[in-house]
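The values are calculated or read from the model by the stated rules, or taken from the named source; none is laboratory data. Please read all numbers here as calculations on a predicted model, not as lab measurements. Virtual Cβ from ideal backbone geometry, glycine too; neighbours counted across all protein chains shown. SASA here: full protein model, heavy atoms, side chains in, ligands and nucleic acids out. Shrake-Rupley method; radii C 1.70, N 1.55, O 1.52, S 1.80 Å.
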Amino acid sequence: MSDAIQVENVVKRFGAVTALDGVNLSVPAGTVMGLLGPNGAGKTTTVRVLTTLLEPDSGRATVHGLDVVRDAPALRRRIGVSGQYAAVDEYLTAFENLELVGRLYRLGRRRARARATELLEQFGLEDAATRVVKGFSGGMRRRLDLAGALVARPEVLFLDEPTTGLDPRSRIAMWEAISELVASGSTLLLTTQYLEEADRLADRIAVVDHGRVIAEGTADELKDQVGGERIELTLERADQLSLARTTLGGVAHGEISVSAEQRRIVVPVSTGSHALMRGLRDLDEAGVPVIDVVLRRPTLDDVFLALTERQQDDTDPGVLEHAGRGAEIAT
Amino acid sequence: MTTLTAALGDGAVITRRNVIKIKRVPDLLIIGMLSPIMFVLLFAYVFGSAVVLPGGGDYREFLMAGIFTQTVVLSTTITGVGLAEDMQKGIIDRFRTLPISRSAVLVGRTTSDLVNNLLVVATMSLAGLVVGWRVNTSVGEALLGFALLLAFAYAVSWIMAVVGLAVRSPEVVNNASFVVVFALTFVANTFVPSEGLPGPLRVFAQWNPVSAVTEAVRQLFGNNPPGYVAPDVWPLQNPIAASLGWIVVILLVFVPLSVQQYQKATSR
């Protein structure tokens, strides 16, 4: 499969701040790549480079083989972009907003209008078509903005934090809309701070921090990187913690950690539910009452925290300081 | 499609978008028109009762060309404010990811602001007629006067575009341009004859593009006092040529400059 998006060693500085510090990324055509990272990690800057809004200082980025600098006009014809803030015109109606975008893609009046009607229907906005956007909720604005990105049926779509700031209901509606797009086979680059979002929508995830891609893979691959399953138990009595620890030694696969304050024990395991049942049986036989127990696989949150922490340990204080300032500027 | 027709076509689409906003938020237009009406009344009745033109003549007639010029220049602030707003809301970003001509957004902005100014000039003319202002020349000359006013305002819009794209905050654009516009439009022959000003101010006033335009409009409307002789400096002796010259120079400098700035403009 050919790559729809390729980013090679892209560097972008704003004054003394290095926003992108050699980003490498490739996204195969027809797949969804989730760019995951904290605020100021360089996600938005990466999207802005790929959508021709910013020129990289060095390195190369292409979309369908078109260079973001040299071939910018041709590239713009093939992409759709929906930003962090819904860039819709408040004083126009939903229909007029989409018609405007269609006209600017030079679809002609008739086709621009037909496409606007079609998209309003697809995004459940047909009832709001003739209403001025000023009165729209955040979720409606985002959906309209996403619809605007789809007007010209782009081959590659960029969504920059499409659900940031939305309430849970609107977020789910937005996810559904995005899932449908994905099912129709478009290539999508999605940035997000929400691990759940990346987990749910993306085929592959690139974790970005301090202007670099620090890990890449499927959600499962990334989870495996930070280790396997664990059992988390809360005991009734704090004075039984050391007894419990000894008892659970038989099922542990690695070092058991104990938190006395919370009366909690975390046991890394390798055999999932089998280990869970055996552990509970052992504790029962030893007379240790348990008030809460859970078998957990690592979440992307764990992955994310583990990866970004590791990155911090590796980084010298000077660079960290820069990255910190980068965060202020980029967010 | 050639670059020019593409720019004009895209520009027309964006002009339409901006004009819809004038329609949807009429308050903006109404407030924009209140201040020129207020100026006409203020100067006609407050200052007009005290100002005596050297050599006599009707101050209200003399005044109108000055108010016209000041108001159209002041109205161009919306070009800068509009662009700064669009930038803040990420709309410029969206436009910049579309395959449109590089100058389309600016052509659309300045054109819709020209439409706005046309409405402003019409309102002011009515207000002027009410307080006794009259055009004392031919229809042709009067139309030429209005055309010159609007052309000058259009050129100044491109200066404001550069300001708006550079400053990026609508409030700051408003305040910054207010200071500049007031200096330019008061240190001129707009409200008093320039001959009476002290040395350096007089030189500035007589070479000020606002003065050339005001002088030209005053001549074209026939609003100079009887026996009036223009000051002996080239721009005021040849105000129409000077005005056209200024318009061309401003456009030649600020159109390329603002297009260049637009291409680099990002909201964050």
**Report entry** Sole residue being more than 13 Å from chain B (Cβ to nearest Cβ) and touching a residue at least 12 places away in the same chain (Cβ under 8 Å), chosen from A:Ala112, A:Ala129
**Finding:** A:Ala129
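Results for (1) hydrophobic (A, V, I, L, M, F, W, C); (2) more than 14 Å from every other protein chain (Cβ to nearest Cβ); (3) open to solvent by 60 Å² or more (accessible area, probe 1.4 Å), shown as yes or no for each residue.
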| site | (1), (2), (3) |
| --- | --- |
| B:Ala212 | yes, yes, no |
| B:Gln219 | no, yes, yes |
| B:Pro225 | no, yes, no |
| B:Pro235 | no, yes, no |
| B:Leu244 | yes, yes, yes |
Query raised in the report: Any idea which residue in region A:71-102 is surrounded by the fewest Cβ atoms within 10 Å (Cβ to Cβ), counting only those that are assigned to a loop (DSSP other than H, G, I, E, B) and at the interface with chain B (Cβ under 7 Å from one of its Cβ atoms)?
Result: A:Arg77
Report summary line: Within region A:135-165, residues being aliphatic (A, V, I, L, M), in contact with a Ser or Thr (Cβ under 9 Å, 6 or more places away or on another chain) and open to solvent by 20 Å² or more (accessible area, probe 1.4 Å) number 1
Report task. Within region A:197-204, identify whether any single residue is small (Gly, Ala, Ser) and surrounded by 21 or more Cβ atoms within 10 Å (Cβ to Cβ), and answer yes or no. Result -> yes
Query raised in the report: Scanning region B:107-161 for residues that are of a type in the set (Gly, Ala, Ser) and within 11 Å of the chain's Cα centre (by Cα), which turns out most open to solvent (accessible area, probe 1.4 Å)?
Result: B:Ala151
Query raised in the report: Which members of region A:177-193 meet the condition of being of a type in the set (Ser, Thr, Tyr) and either crowded, with 19+ Cβ neighbours inside 10 Å or modelled with pLDDT under 85 (or both)?
Result: A:Ser184, A:Ser186, A:Thr187, A:Thr191, A:Thr192
Query - Residues within region A:256-302 that are under 12 Å from A:Ile231 (Cα atoms) and not β-branched (Val, Ile, Thr), tallied - result: 18
Query raised in the report: Residue check: is B:Ser101 assigned to a loop (DSSP other than H, G, I, E, B), within 20 Å of B:Val19 (Cβ to Cβ) and either open to solvent by 10 Å² or more (accessible area, probe 1.4 Å) or within 14 Å of chain A (Cβ to nearest Cβ) (or both)?
Result: yes
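Rundown of residues vs (1) assigned to a helix (DSSP H, G or I); (2) open to solvent by 20 Å² or more (accessible area, probe 1.4 Å); (3) without any contact (Cβ under 8 Å) to a residue 40 or more places away in the chain; (4) away from chain A (no Cβ under 14 Å), yes/no style:
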residue	(1), (2), (3), (4)
B:Thr5	yes, yes, yes, no
B:Ala12	yes, yes, no, no
B:Ile22	yes, yes, no, no
B:Gly32	yes, yes, no, yes
B:Pro36	yes, no, no, yes
B:Leu41	yes, yes, no, yes
B:Ser49	no, yes, yes, yes
B:Phe68	yes, no, no, yes
B:Val73	yes, no, no, yes
